[in-house]
1. When you check residue B:58 against the structure, is it farther than 21 Å from residue B:171 by Cβ, within 14 Å of chain A (Cβ to nearest Cβ) and touching a residue at least 40 places away in the same chain (Cβ under 8 Å), yes or no?
2. Within the bounds of the stretch B:63-70, is there any residue that is polar (S, T, N, Q), surrounded by 20 or more Cβ atoms within 10 Å (Cβ to Cβ), closer than 20 Å to residue B:184 by Cα and touching a residue at least 24 places away in the same chain (Cβ under 8 Å)?
3. Within the stretch B:94-114, does at least one residue satisfy the condition of being within 14 Å of another protein chain (Cβ to nearest Cβ), without any contact (Cβ under 8 Å) to a residue 60 or more places away in the chain and in a loop (DSSP other than H, G, I, E, B)?
4. Any residue at all in the stretch B:22-43 that's more than 14 Å from every other protein chain (Cβ to nearest Cβ), over 30 Å from residue A:153 (Cα atoms), without any contact (Cβ under 8 Å) to a residue 60 or more places away in the chain and over 22 Å from the mean Cα position of the chain (by Cα)?
5. Grab the helices (runs of 4 or more DSSP H) fully contained in the stretch A:100-188, keeping just those with 1 or more residues being within 16 Å of the chain's Cα centre (by Cα).
6. Please work out which one of (1) within 12 Å of chain B (Cβ to nearest Cβ); (2) among the basic types (Lys, Arg); (3) closer than 24 Å to residue A:14 by Cβ is the condition residue A:41 fails and give its number.
7. Is it the case that residue A:202 is of a type outside the set (A, V, I, L, M, F, W, C), surrounded by 21 or more Cβ atoms within 10 Å (Cβ to Cβ), over 22 Å from residue A:162 (Cα atoms) and touching a residue at least 40 places away in the same chain (Cβ under 8 Å)?
8. Under the condition of being among the β-branched types (Val, Ile, Thr) and touching an Asp or Glu at 6+ places or on another chain (Cβ under 8 Å), which residue from the stretch A:19-51 is farthest from residue A:153 (Cα to Cα)?
Amino acid sequence: MMVRAHKLVKSFGNRPVLRGLDLELRQGDFVTLLGPNGAGKTTLLRILATLARPTSGTVELAGIPLNEAKSSIRGLLGVISHQTFLYEDLNAYENLRFYGKLYEVPNLTARVEEVLNKVGLEQRAIDRVRTYSRGMQQRLSIARAILHNPPILLLDEPDTGLDRQAADMLGGLIRELAIDGQSRTVLMTTHNLERGLAMSDRILILAGGRLAAERSSKSLAPEQLQDFYYDTVSLGGAR
Amino acid sequence: MPGYLRKVWAVYAKDVRAELRTKDIFSAMFVFSLLTTLVFAFALPAKLLDPKEVGGIAPGLLWVAYTFSGVLGLNRSFIVEKDKGSLEGLLLAPADRGAIYLGKMLSNLTFMLLVETLITPIFGVLFNYSTFNVWLIPVVLLGTLGFAEIGTIFAAMAINTRAREVLLPVLFFPIMLPVIIAAANATTAVLANRPFDEVLGQLEFMAVFDVIFLVLPILLFELAVEE
């Protein structure tokens, strides 16, 4: 099991966000996590990414408990968010070299060129990130996240702020990179139900701080998804 | 170079490279320290600026200019990271938090020392007061090192709060005060050519303070940046 969360609770003061959530992802799973604003999607991803501590419950990534060897667990993760984590006054090449040094990526120069090619930014590698469009910045953010070849990808609304065309292109790129050379485990949150369904193998719906529903993407037609989602959210939120 | 030091260097070199491009932090710090110095030079009564009197107040004013501009730089160094989301990028990396702290602290120290190197002779000219003495170098180095060490960890803590610009000096100055007092006293003694024994005690105090506040933040930085 690549990701396992058991009875995960996270509260901010007296306000519980996650209420005993259980989650299991196997190697190669591409799972989309849906849920309304405030459902706890980002909180869950931040806990898995070691950026926040759970109030209680256990989390294991690749069989390693999250509270042990946090530093080595971070090397297993690639995180893409609506924030790019990039330095706008450095160019693409410098950004990737910087992160590559932090992740101790071997043959860094060759690897940086390889990932820049994969995301189609090799022609703009020496331009400052500040001059990039939002879509290009997000593609560079993907290059940053896969630079160290992580087995687990966590994507927190990666298409926020992109127009439809750019978001479709990004979705295709993510899907391609998820199965590129190895079977990565991907957990993605999004508000775009159709894109989430199209990209993933499994849909999870988070409501009321718990996983309220789980379906294989094949078992749901795009036109059924919206009703299924809203029914689940209203039932889950009422619990 | 061992992996730990390579990561310290990576963070430091990244900060310096970005600053060389934008000069955001340096220009803000330098202009602020210059303005502070000018305000002191023109607002103080003339009798205090008399060559016989100025030695009693100038070192303190010089350290006020250093510390005010230093706080500005410390605030900026983390605001740049936070506003672009790159602080989380740093925290996601499998790098020891102590290495990230050291890289940020060294870049803050570099920017502060650079501003101090430029502002000190200007201060000397405006106050008609000689600031050239080789023993001033260890005094400024040790005082600024302590300032950067404590300031960097407090800036990291303050960055997640709403009133971050206000909170940093409020949290930070009470702890920093002993070092600022020691540095100002040592500067007074050095520039008045007093016996070296008077300076040595202050240097020893700052050195001990610097060692303690180098080790503690390395151990505590993980807690400081946690949500």
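The values are calculated or read from the model by the stated rules, or taken from the named source; none is laboratory data. Treat the numbers as computed from the prediction; the structure is a model and nothing was measured. Note that we place each Cβ from the backbone using ideal geometry, even for glycine, and neighbour counts take in every protein chain shown.
1. On the way: farther than 21 Å from residue B:171 by Cβ: yes; within 14 Å of chain A (Cβ to nearest Cβ): no; touching a residue at least 40 places away in the same chain (Cβ under 8 Å): yes.
No; evaluated as a whole, the condition is false for this residue.
2. Just the residues of the stretch B:63-70 that are polar (S, T, N, Q), to begin with: B:67, B:69.
With surrounded by 20 or more Cβ atoms within 10 Å (Cβ to Cβ) added as a condition, the list becomes B:67, B:69.
Then keep just the ones that are closer than 20 Å to residue B:184 by Cα; that gives B:67, B:69.
From the residues that got through so far, the ones that are touching a residue at least 24 places away in the same chain (Cβ under 8 Å) too are B:67, B:69.
Within the stretch B:63-70, one or more residues are polar (S, T, N, Q), surrounded by 20 or more Cβ atoms within 10 Å (Cβ to Cβ), closer than 20 Å to residue B:184 by Cα and touching a residue at least 24 places away in the same chain (Cβ under 8 Å).
3. Checking the stretch B:94-114: at least one residue is within 14 Å of another protein chain (Cβ to nearest Cβ), without any contact (Cβ under 8 Å) to a residue 60 or more places away in the chain and in a loop (DSSP other than H, G, I, E, B).
4. Yes, there is a match, as at least one residue in the stretch B:22-43 is more than 14 Å from every other protein chain (Cβ to nearest Cβ), over 30 Å from residue A:153 (Cα atoms), without any contact (Cβ under 8 Å) to a residue 60 or more places away in the chain and over 22 Å from the mean Cα position of the chain (by Cα).
5. Values: elements: A:108-118, A:134-146, A:164-178.
Counting at least 1 such residues, we get A:134-146, A:164-178.
6. (1)
7. Details: of a type outside the set (A, V, I, L, M, F, W, C): yes; surrounded by 21 or more Cβ atoms within 10 Å (Cβ to Cβ): no; over 22 Å from residue A:162 (Cα atoms): yes; touching a residue at least 40 places away in the same chain (Cβ under 8 Å): yes.
Taking the combined requirement at face value, the residue does not satisfy it.
8. From the stretch A:19-51, those among the β-branched types (Val, Ile, Thr) are A:31-32, A:42-43, A:47, A:50; that's our starting set.
Within this subset, residues satisfying the condition of being touching an Asp or Glu at 6+ places or on another chain (Cβ under 8 Å) are A:31, A:42.
Details: A:31: 10, A:42: 14 Å.
Once the filter is applied, the top-ranked residue is A:42.
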